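Visitor: Below is a structure I'd like to ask you about.
The values are calculated or read from the model by the stated rules, or taken from the named source; none is laboratory data. Please read these numbers as outputs of a predicted model, since none were measured by experiment. Reconstructed Cβ throughout: ideal geometry from the backbone, glycine too, with neighbour counts over all protein chains shown. Please note that ligands, DNA and RNA were not included when accessible areas were found on the heavy atoms of the full protein model with its side chains. Shrake-Rupley method; radii C 1.70, N 1.55, O 1.52, S 1.80 Å.
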Amino acid sequence: RAGHPHPMTSRWRRFLSDRSGATAIEFAVAAPLFLAFVFLIVLGGWALHGTVSVRHALETASRQLSLNPSLSESEMLAAINQRIAYLGDPNVTVGLTMDAPSGGIKLAHATAVYLFRLDVPLLDALDLRYEATIIVPLPA
């Protein structure tokens, strides 16, 4: 047996040169990162959709305010919540302030604040705050 490698050494060489399981191991390492990235993209898109929906609902409620200047904050909040009910349980607050008439024009400032909690598994939660303000001219 002189000149022949030790049987244990040749087994290790064969094992280390065998690439048949490399793809499975690479997938096991890369897949969780890829899925986490896709999850973050979807969650970010949902948050962006929520902010656009709140803005649109505020614009719609502001149009109602321009037609009915006696509309209250609670009525505006109800109108906004009705339009964004499909978001689940949106955390929206509404503020309404009226300016004193100036030059025959009275302005109302309608503000909506939307809080969205970004919950990512294995990471700390991130609270996003979106605020939209619309100035509505009212009949004096």
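Visitor: Exactly one of these conditions fails for ASP89: (1) of a type in the set (D, E, K, R); (2) over 14 Å from the mean Cα position of the chain (by Cα); (3) part of a loop (DSSP other than H, G, I, E, B); (4) closer than 16 Å to VAL54 by Cα. Give me its number.
Guide: Going through the list (1) of a type in the set (D, E, K, R); (2) over 14 Å from the mean Cα position of the chain (by Cα); (3) part of a loop (DSSP other than H, G, I, E, B); (4) closer than 16 Å to VAL54 by Cα, ASP89 breaks only (2).
Visitor: Something else: For the list (1) loosely packed, with under 13 Cβ neighbours inside 10 Å; (2) of a type in the set (Gly, Ala, Ser); (3) closer than 30 Å to LEU40 by Cβ; (4) at pLDDT 85 or above, I need the number of the one condition that SER72 fails.
Guide: (3)
Visitor: While we're looking at this one, here's another question. Which residue out of SER53, SER62, SER74 is farther than 26 Å from PRO139 by Cα and of a type outside the set (Lys, Arg)?
Guide: SER53
Visitor: Counting only residues that are modelled with pLDDT under 90, of a type outside the set (A, V, I, L, M) and open to solvent by 40 Å² or more (accessible area, probe 1.4 Å), which one in region 33-45 is farthest from the chain's Cα centre (by Cα)?
Guide: Per the criteria, the residue is PHE37.
Visitor: Go through region 93-139 and report how many residues are touching a residue at least 40 places away in the same chain (Cβ under 8 Å), of a type in the set (A, V, I, L, M, F, W, C) and open to solvent by less than 60 Å² (accessible area, probe 1.4 Å).
Guide: Qualifying residue count for the region: 10.
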